[in-house]
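A quick write-up on the structure given underneath.
The values are calculated or read from the model by the stated rules, or taken from the named source; none is laboratory data. Quick caveat: nothing in here was measured; it's all calculated off a predicted structure. Cβ: placed from backbone, ideal geometry, glycine included. Neighbour counts: every protein chain shown.
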């Protein structure tokens, strides 16, 4: 009897296995097409800086002051010469008119007067002169006497390319003189009314920064410029208003920075 039961169970299992579907065949491997990795793009090169005419003028002046402070060390003026050189190598298309502050001074124990040109932006509505601050910071390293300051416009033609002429002190000084001084000699004054207002702003700048001699020069020049205003063609009310501002600023200058004579 037990043998019959075992045979029946075996027969049942064999029938069950025969009724199940066969397992599916393994999937065929898919062919993956190789896509080459594109080469990494080269890093973008830094674009060359384009310098404006005011940067050219400013750094000619700053290079001059750096050489005066360190006559034998051209490295002190190298950064300024790099900007000057870069400007001269740019494509130049037209003459530029640039408002400037002309400073005339003499170094201690020297009789020759030196003149530099400091550009500024127009229209000028404030008492701030960032480029003048840079130039005065360089002048502060020197012992000098200020003789005059004027507001004018210089005409900047396309300059000749500059190569390595700033490599030694004598050639650097010659480059500065040959490029800066002709521009200064040909400078023309602004409209008297505009000039008087800017000279008043310069007075406030110099007073705020504790430069007594330049402040007195600026206020005196403001009065002289205002005296040149043609009352018949100008605005009388504007002229009188500016005159009152100049008088008030002069009184404040005498009070806060009294001028003393030394003998």
- [ ] Taking only the range 202-213 into account, find how many residues are under 24 Å from the mean Cα position of the chain (by Cα) and over 13 Å from residue 252 (Cβ atoms).
- [x] 4
TODO: Assess whether residue 172 counts as being over 22 Å from residue 122 (Cβ atoms), touching a helix residue (DSSP H, G or I) at 6+ places or on another chain (Cβ under 6 Å) and crowded, with 19+ Cβ neighbours inside 10 Å.
DONE: yes
Open item on the list: I'd like to verify a number: residues in the range 107-128 that are under 18 Å from residue 64 (Cβ atoms) and within 19 Å of the chain's Cα centre (by Cα), how many?
Closed with: 5
- [ ] Need at least 2 residues that are in contact with a strand residue (DSSP E or B) (Cβ under 8 Å, 6 or more places away or on another chain) and closer than 20 Å to residue 153 by Cα per element, so show me which helices (runs of 4 or more DSSP H) inside the range 176-263 make the cut, counting only ones lying wholly within it.
- [x] 192-208, 212-227
Open item on the list: Take the residues in the range 108-126 that are touching a helix residue (DSSP H, G or I) at 6+ places or on another chain (Cβ under 8 Å) and surrounded by fewer than 15 Cβ atoms within 10 Å (Cβ to Cβ); name whichever of them is modelled with the highest pLDDT.
Closed with: 121
- [ ] Determine whether residue 80 is at negative phi and assigned to a loop (DSSP other than H, G, I, E, B).
- [x] no
TODO: Tell me which residues, restricted to the range 167-190, are under 17 Å from residue 104 (Cβ atoms) and free of Cβ contacts under 8 Å to residues at least 40 places away in the same chain.
DONE: 177, 182, 185, 186, 188, 189
Task: Flag for residue 193 being under 20 Å from residue 147 (Cβ atoms), within 32 Å of the chain's Cα centre (by Cα) and surrounded by 12 or more Cβ atoms within 10 Å (Cβ to Cβ) - done: no
